[in-house]
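Before any comments, here is the structure.
The values are calculated or read from the model by the stated rules, or taken from the named source; none is laboratory data. As the structure is a prediction and not an experimental result, all values here were calculated from the model. Glycine also receives a Cβ, built like all others from the backbone with ideal geometry; neighbour counts cover every protein chain displayed. We work out accessible area using only protein heavy atoms, side chains counted, and drop any ligands, DNA or RNA first. Shrake-Rupley method; radii C 1.70, N 1.55, O 1.52, S 1.80 Å.
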Amino acid sequence: MLARILSSAVLGVDAYIVEVEVDIRQGLPSFATVGLPEAAVKESKDRVKSAINNSGYRFPDDRITVNLAPADIKKEGTGFDLPIAVGILAATGVVPQHRLSEYLILGELSLDGRIKPVRGSLPVALSAKNDGFRGMILPKENAREAAVVNGIEVLPVPTLSELVEFLCGLRAIQPESVDVQAIFQEAPPDEIDFCEVKGQEHVKRALEVAAAGGHNIIMIGPPGAGKTMLAKRLATILPPITFDEAIETTKVYSVLGMLEEAQALMTNRPFRSPHHTISDAGLIGGGHIPRPGEVSLAHNGVLFLDELPEFKKNVLEVLRQPMEDGYVTIARAITSITYPARFMLVAAMNPCPCGYFSDPNHECTCTYTRIHRYRSKISGPLMDRIDLHVEVPAVRYKDLASQHEAETSADIRRRVNQARVIQSERLQRARIHCNAQMNNRQIKRYCPLDRDSHALLEAAIDKLGLSARAFNRILRIARTIADLEQAPDIAPHHVSEAIQYRSLDRSTMFG
């Protein structure tokens, strides 16, 4: 007999429908799986056989052929265990087939018939909704994650026998429901705050500008100046993540199986801080079976690269495309996969190998050649893509001992949110959300300068030798500074402050 079960698999961060066909014929006992299955899918036959027998059903001693269509896409993972088992039971008449076309089924089987969690439940739920299915049947542990998608039934099942009883009409399964608003309201508060940072007011101002416009930023200063401390607190002043952004980010974590137990959505913007020994595949994504990298895990959040020159040069250079485009495309012989990668880059570095170049309190022991070699690890094109360059001096004792109450993250976030609202309304037709995403045409339209601002910018470009890309960065930053002041037009003092944030550009930093 022949049975058809509908399941799903993930390609990149999106899911596609997989038709699981099970054919049972008389002949010598055998179990063949076709349709480009990888090792974990081929091994499912042993898990399926034990699960069916240990659940109290008979596994047929016949010739079994399982086809996973479309057959030209490689199938991976353990999510096909459950649909294959249901297909065998349907082909042998244990399960009626008339209800199988209404649901997508996925799950990994334990040898005793328990259904174990799988990866990618959220993309599968989105695919089920888009393709008009009534709902999906999946492991209990994945139910909350899938239930954030409205418009479909999400049926959690703990064991194979309970699923069979449901399909036979002998048991009812209560659909999982999730209150999305409650999830966002229950998001844990930030454990760190900007008020804990002593001094460094100009760096805090630069981080506020970066957060308001979604700009990339690099901080350069001696060890112990507070660069890492400041970077970790940037996420506390970013605008709250929206539902659409949370879905996009959660899809990446779902595909990698990195969601915490019973976590339905990523309700805080991610903060990723990979070590400088990371490979290009670990940072960008890739591998034999392509997986998202750190840039995709930081989607809609912050990617912090500490000790930037210590990263391998080829690793840093592959950052240029996602920083410009907001996505990563990994090409393989069979297919190419695109992962989202729109993040804020926050980098930190010492001014020289010993860390004390230009520090008035410590003597630098580095030669000019060592300093030049150290700084040249960061290419000019990469620096051009970093909007704000900020020097972070050592903190003075006066600031450390001060009892002055600094601004909290909540205070700064209010100003950032107001600036983002202005940008969203201005850029609504372009379908972008912040000034850092503006292209050349939008910069020309929304960043007009008066005569004094033009003269100031021209003088700065001639003196610093800035590139055309740096020119556009300055205009974006000036627009953000004006938005923080809720000013309709860019004024000379906005341009002047924006130019200060390019003081570590190629001609001065790498010259």
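Observations
- Of the residues ALA478, PRO270, HIS433, the one whose Cα sits farthest toward the positive end of the charge dipole of the chain, with +1 on the Cβ of Lys and Arg and -1 on the Cβ of Asp and Glu, is ALA478.
- In summary, the lysines within cross-link reach of LYS227, defined as a Cα separation below 19 angstrom excluding same-chain residues under 8 places away, comprise LYS198, LYS204, LYS398.
- When both bridge partners sit in the chain, DSSP labels roughly 50% of those beta bridges antiparallel.
- Peptides 214-225, 398-409 ranked from most to least packed by the mean count of surrounding Cβ atoms within 10 Å: 214-225, 398-409.
- In nm, spacing of pseudo-spin labels at SER358 and VAL421 (7 Å Cα→C-beta vector): 3.9 nm
- Between amide H atoms placed 1.01 Å from N, distances below 5 Å from THR33 occur with VAL66, all of them 5 or more places distant or on a separate chain.
- Amide hydrogen proximity for ASP62: with H placed 1.01 Å from N in the peptide plane, the residues at 5 or more positions away or on another chain lying under 5 Å are SER30.
- Scaled to the globular estimate 2.2 N^0.38 Å, the Cα spread of the stretch 169-245, given as radius of gyration, is 1.71.
- Coupling constants for the stretch 64-69 follow from the phi torsions by the Karplus curve (6.51 cos²θ - 1.76 cosθ + 1.60, θ = phi - 60°), and in residue order they are 10, 10, 10, 10, 10, 10 Hz; glycine and proline get x.
- Rolling a 1.4 Å probe over the protein heavy atoms of the chain, with every protein chain left in place, gives an accessible area that is 49 percent carbon and sulfur.
- Given the alternatives (1) 53, 23, 21; (2) 42, 29, 22; (3) 34, 30, 23, semi-axes √(5λ) of the Cα gyration tensor in Å as computed for this entry is given by (1).
- Peptides 202-212, 180-190 ranked from most to least packed by the mean count of surrounding Cβ atoms within 10 Å: 202-212, 180-190.
- Sequence ranges 80-86, 289-295, ranked by mean other-Cβ count within 10 angstrom, highest first: 80-86, 289-295
- Each Cα pair under 8 Å and six or more residues apart adds its separation to the average, and for the stretch 291-386 the resulting relative contact order is 33 percent.
- Solvent exposure of the chain amounts to 46 Å² per residue of accessible area, where only protein heavy atoms count and the probe is 1.4 Å.
- Using 0.36 nm per residue and subtracting the Cα-Cα separation, the extra length available between SER50 and GLN321 on full extension is 92.8 nm.
- Dipole moment magnitude, nearest 20 debye, the chain about Cα centre, only Lys, Arg, Asp, Glu C-beta charged: 1060 debye
- Taking the helices alone, the chain has a mean residue ellipticity at 222 nm of -10500 deg cm²/dmol, built from -39,500 (n - 2.57) per DSSP H run of at least 4 residues and averaged over all its residues.
- C-alpha center-to-center spacing [the stretch 152-231, the stretch 54-70] in angstrom: 41 Å
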